[in-house]
Amino acid sequence: MAARPNAASRRRVRARRRAAQRDSANHSFSAEAADMHALRAARGAVREFSAETRRELDDILNAIRDNPYPDKDMIDFICVRLNLSEKQVRNWFALQRCRRMVCTMVDGVAYWRFRNELG
């Protein structure tokens, strides 16, 4: 019976995993692992926002709670004021909408509220 086309690639992946486990057990790093560590270091460390920055972002979110999608001008203003990148600001708002807010549709109109509010 002939092997399926993906069977060979699955065997290679398993063999690589076993080799990586052996390498990690011996505490020796392969060239791939060294490259991976170099890539992680190049990306930079994750930096959390300061308490003041979080407070200001929360205040802005509360101010625009009816439409928690800031426009380009608002994002640029926040970037300059808080010394953040545009991507950091967009990601923060997306995460907060997901974590803290609920959107309900009534007659085709979106209404936003915080999850801890009644309604």
### Task
Filter the range 60-119 for residues that are of a type in the set (A, V, I, L, M, F, W, C) and more than 26 Å from R47 (Cβ to Cβ) and give the result.
V102, C103, M105, V106, V109, A110, W112, F114, L118
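The rows are residues; the columns are (1) assigned to a strand (DSSP E or B); (2) modelled with pLDDT under 90; (3) surrounded by 10 or more Cβ atoms within 10 Å (Cβ to Cβ).
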position: A42; (1), (2), (3): no, yes, no
position: R54; (1), (2), (3): no, no, yes
position: D58; (1), (2), (3): no, no, yes
position: N62; (1), (2), (3): no, yes, yes
position: P70; (1), (2), (3): no, no, yes
position: D76; (1), (2), (3): no, no, yes
position: R90; (1), (2), (3): no, no, yes
position: R97; (1), (2), (3): no, yes, yes
position: N116; (1), (2), (3): no, yes, no
### Task
Please tell me if F49 is within 20 Å of the chain's Cα centre (by Cα), aromatic (F, W, Y) and part of a loop (DSSP other than H, G, I, E, B).
yes
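The values are calculated or read from the model by the stated rules, or taken from the named source; none is laboratory data. These numbers were taken from a predicted model, which means no experiment stands behind them. When we count neighbours, we look across all protein chains shown, and the Cβ atoms used for this are built from the backbone with ideal geometry, even at glycine.
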